[in-house]
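This report concerns only the one structure given below.
The values are calculated or read from the model by the stated rules, or taken from the named source; none is laboratory data. Keep in mind the model is a prediction, meaning the values are calculated, not measured. Heads up, the Cβs are rebuilt from the backbone with ideal geometry, glycines too, and the neighbour counts pull from every protein chain shown.
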Amino acid sequence: MGIADLVAPGRVLTGLRAADKPGVIEALAGRTAAALGLDPAVLCRELLARERLGSTGMGRGTAIPHARLAGIAVPYGLLARLERPVEFEAIDGRPVDLVCLLLLPAGAERGQLGALACVARAFRDEALLAALRRAQDPTALHARLAAA
């Protein structure tokens, strides 16, 4: 499984505007909920509950907010490049500008670990991160994911 398997071409955003971590999560939850027919408030609540357990800021300017949800059959990813980096309580203290929201099926522990590991591996690749930050638009950004 590669990150492009989790993030379909139509699930890439560039220039997302948010003032802070809750704003990023709220914006991504709203877009994801609309696409999947979910309640955005419930999705946002689940993502923020996970953040309270510990930040999903992975370092290198990246974050992987995620939640387990009943009714999700397969992992679902949405990648966003922020217009401006925001404080995300990341492990290295750097602000975040690349965020991959993951929704994971409730009770599918093995699949969750695979999806999270896949994104985490991609976010450790400095060359890929640089390419994602240089991409001009969502199409180009997804093409970089697919080539990784």
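Assorted remarks:
- The set of residues from the stretch 36-53 being part of a helix (DSSP H, G or I), of a type in the set (A, V, I, L, M, F, W, C) and farther than 14 Å from Ile91 by Cα comprises Leu36, Ala41, Val42, Leu43, Cys44, Leu47, Leu48, Ala49.
So that you can scan it fast, the table gives a plain yes or no per residue for (1) closer than 20 Å to Val119 by Cα; (2) β-branched (Val, Ile, Thr):
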site	(1), (2)
Lys21	yes, no
Arg45	no, no
Leu48	yes, no
Thr56	yes, yes
Pro65	yes, no
Gly71	no, no
Glu89	yes, no
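- Restricted to the stretch 67-99, and to residues there that are small (Gly, Ala, Ser) and more than 20 Å from Gly30 (Cα to Cα), the residue that is surrounded by the most Cβ atoms within 10 Å (Cβ to Cβ) is Ala90.
- Taking (1) in contact with a helix residue (DSSP H, G or I) (Cβ under 7 Å, 6 or more places away or on another chain); (2) among the basic types (Lys, Arg); (3) over 15 Å from Ala122 (Cα atoms) in turn, Arg84 satisfies each apart from (1).
- Residue within the stretch 54-66 that is surrounded by fewer than 17 Cβ atoms within 10 Å (Cβ to Cβ) and not in a loop (DSSP other than H, G, I, E, B) present: yes
- The criterion of being modelled with pLDDT under 95 and either over 17 Å from Leu28 (Cα atoms) or within 13 Å of the chain's Cα centre (by Cα) (or both) holds for Ala147.
- Flag for Arg50 being more than 22 Å from His142 (Cα to Cα), within 14 Å of the chain's Cα centre (by Cα) and surrounded by 14 or more Cβ atoms within 10 Å (Cβ to Cβ): yes
- If you go through the stretch 65-82 and keep only what is closer than 15 Å to Leu43 by Cβ and without any contact (Cβ under 8 Å) to a residue 40 or more places away in the chain, you end up with Ala67, Leu69, Ala70, Gly71, Ile72.
- Residues of the stretch 1-34 classified as assigned to a helix (DSSP H, G or I) and surrounded by 13 or more Cβ atoms within 10 Å (Cβ to Cβ), total: 19
- All conditions but one from (1) in a strand (DSSP E or B); (2) closer than 21 Å to Ala140 by Cα apply to Leu104; the one that does not is (2).
- Among the residues of the stretch 68-98, just one is at pLDDT 95 or above, in a loop (DSSP other than H, G, I, E, B) and under 13 Å from the mean Cα position of the chain (by Cα), namely Phe88.
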